[in-house]
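The structure appears below as structure tokens.
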Amino acid sequence: MANIGVLALQGAFIEHEKTLRSLGARAVEVRLPEQLAGLDALIIPGGESTTIGKLAVTFRLLEPLRDFAVHKPVWGTCAGMILLANDIGRDQPLIGVMDIKVDRNAFGRQVDSFETDLTVPELGAAPFHAVFIRAPLVTGVGEHAHVLARLDDGGIVAVRQGHWLATAFHPELTPDDRFHRYFLREVAGLPVLG
Ligand code: GLN
């Protein structure tokens with residue numbers, strides 16, 4: 001059984017745990033550095049990136065998270081994507097391993113939440129229904145980062161860079177588990193049920 005950590009400082013971690021368990025993985029809540037030991041991969045959930053970052057500093061988790069990410073697969077959703085980015089154009093605690101430029105709250109107050117169908121070739125032909133909540137947008141990708149999905153206007157909302165995955169939306173809030181399967185099987189090389 002694969003051991004998948006879910007950073008559980010703040011935000012939508014319980015929903016990720018449910019999906020992981022339904023795919024035959026063990027979901028482990030991570031709040032302390034020692035809880036990273038023995039994990040095969042980690043998910044950083046959506047929430048508030050400033051809060052998650054500050055709590056990670058308080059719990060002396062930021063460096064251990066960076067070390068973990070250097071060696072092991074990590075997926076950040078929404079606020080998690082912000083934490084993985086190495087450039088967000090402002091100063092706040094980041095893990096900062098991915099070579100992507102991210103604009104926080106890029107959709108502004110008028111449309112701070114929306115849902116849309118995305119074409120994601122890596123997941124197959126069926127569109128992926130994506131939920132965006134005060135979402136970030138990727139405004140630049142380095143040469144090693146690979147775009148997985150764009151909005152109709154070209155805005156980048158899913159990126160893979162080696163063993164790191166970042167999505168601006170919340171795949172844990174919809175029943176379609178193809179992104180979780182993709183992370184476990186393709187990005188992390190772990191077994192998946194079904
Ligand atoms: N707006 C949040 C941030 O900047 C992210 C929102 C989310 O994770 N749903 O951290």
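Under the condition of being within 17 Å of the chain's Cα centre (by Cα) and of a type in the set (G, A, S), which residue from the stretch 72-99 is farthest from the ligand (Cβ to nearest atom)?
Restricting attention to the stretch 72-99, the residues satisfying the condition of being within 17 Å of the chain's Cα centre (by Cα) are 72-88, 93-99.
Then keep just the ones that are of a type in the set (G, A, S); that gives 76, 79-80, 85, 96.
Values: G76: 9, A79: 3, G80: 7, A85: 11, G96: 14 Å.
That would be G96.
Residues of the stretch 4-24 being farther than 18 Å from M81 by Cα and either under 17 Å from the mean Cα position of the chain (by Cα) or open to solvent by less than 10 Å² (accessible area, probe 1.4 Å) (or both), which ones?
Restricting attention to the stretch 4-24, the residues satisfying the condition of being farther than 18 Å from M81 by Cα are 18-24.
Correct list: K18, T19, L20, L23.
Among the numbered criteria (1) closer than 29 Å to D67 by Cα; (2) in contact with a strand residue (DSSP E or B) (Cβ under 9 Å, 6 or more places away or on another chain); (3) buried (at least 16 other Cβ atoms within 10 Å of the Cβ), which single criterion is violated by G140?
(3)
Just checking, which of A106, A27, A85, A79 is of a type in the set (A, V, I, L, M) and surrounded by fewer than 20 Cβ atoms within 10 Å (Cβ to Cβ)?
Values: A27 fails: surrounded by fewer than 20 Cβ atoms within 10 Å (Cβ to Cβ); A85 fails: surrounded by fewer than 20 Cβ atoms within 10 Å (Cβ to Cβ); A79 fails: surrounded by fewer than 20 Cβ atoms within 10 Å (Cβ to Cβ).
Only one candidate passes the filter, namely A106.
Sort out for me the strands (runs of 3 or more DSSP E) sitting completely within the stretch 92-172 that have 1 or more residues that are of a type outside the set (V, I, T), touching a residue at least 12 places away in the same chain (Cβ under 8 Å) and closer than 24 Å to L62 by Cβ. Before you say what the answer is, go through the steps one by one.
Numbers: elements: 98-103, 113-118, 128-133, 137-141, 146-150, 156-161, 164-167.
By residue number, 98-103, 137-141, 156-161, 164-167.
Applying the selection to the stretch 160-179, what residues are on the phi < 0 side of the Ramachandran plot and away from the ligand (no atom under 16 Å from the Cβ)? Spell out the reasoning first.
At the first step, the residues of the stretch 160-179 found to be on the phi < 0 side of the Ramachandran plot are 160-161, 163-179.
Within the stretch 160-179, R160, Q161, H163, W164, P175, D176, D177, R178 qualify.
Could you tell me how many of the residues in the stretch 100-133 are touching a helix residue (DSSP H, G or I) at 6+ places or on another chain (Cβ under 9 Å), of a type outside the set (A, V, I, L, M, F, W, C) and within 15 Å of the ligand (Cβ to nearest atom)? Give the steps one after another, and end with the answer.
Going through the stretch 100-133, the residues touching a helix residue (DSSP H, G or I) at 6+ places or on another chain (Cβ under 9 Å) turn out to be 100, 102, 104, 120, 122-124, 126, 128, 130-131, 133.
From what is left, the residues that are of a type outside the set (A, V, I, L, M, F, W, C) are 104, 122, 124.
If we keep only those that are within 15 Å of the ligand (Cβ to nearest atom) too, we end up with 104.
Counting residues in the stretch 100-133 that are touching a helix residue (DSSP H, G or I) at 6+ places or on another chain (Cβ under 9 Å), of a type outside the set (A, V, I, L, M, F, W, C) and within 15 Å of the ligand (Cβ to nearest atom) gives 1.
Restricting attention to the stretch 37-46, report how many residues are surrounded by fewer than 22 Cβ atoms within 10 Å (Cβ to Cβ) and closer than 20 Å to D103 by Cβ.
Step one: filter the stretch 37-46 for residues surrounded by fewer than 22 Cβ atoms within 10 Å (Cβ to Cβ), giving 37-40.
The next check asks that each one be closer than 20 Å to D103 by Cβ; those that pass are none.
Number of matching residues: 0.
Does P45 fit the bill of being within 16 Å of the ligand (Cβ to nearest atom) and under 16 Å from the mean Cα position of the chain (by Cα)? Let's see the steps before the verdict.
On the way: within 16 Å of the ligand (Cβ to nearest atom): yes; under 16 Å from the mean Cα position of the chain (by Cα): yes.
When the stated conditions are applied, P45 passes them.
Of everything in the stretch 178-188, what is in contact (Cβ under 8 Å) with a residue 40 or more places away in the chain and open to solvent by 40 Å² or more (accessible area, probe 1.4 Å)? Give them in sequence order. Show your work before the answer.
Applying the first criterion (in contact (Cβ under 8 Å) with a residue 40 or more places away in the chain) to the stretch 178-188 yields 178-184, 186-188.
Within the stretch 178-188, R178, R181, E186 meet the criteria.
The values are calculated or read from the model by the stated rules, or taken from the named source; none is laboratory data. Everything numeric in this text was worked out from a predicted model, so none of it was measured. Reconstructed Cβ throughout: ideal geometry from the backbone, glycine too, with neighbour counts over all protein chains shown. Ligands, DNA and RNA are excluded from the accessible area calculation, which covers all protein heavy atoms including side chains. Shrake-Rupley method; radii C 1.70, N 1.55, O 1.52, S 1.80 Å.
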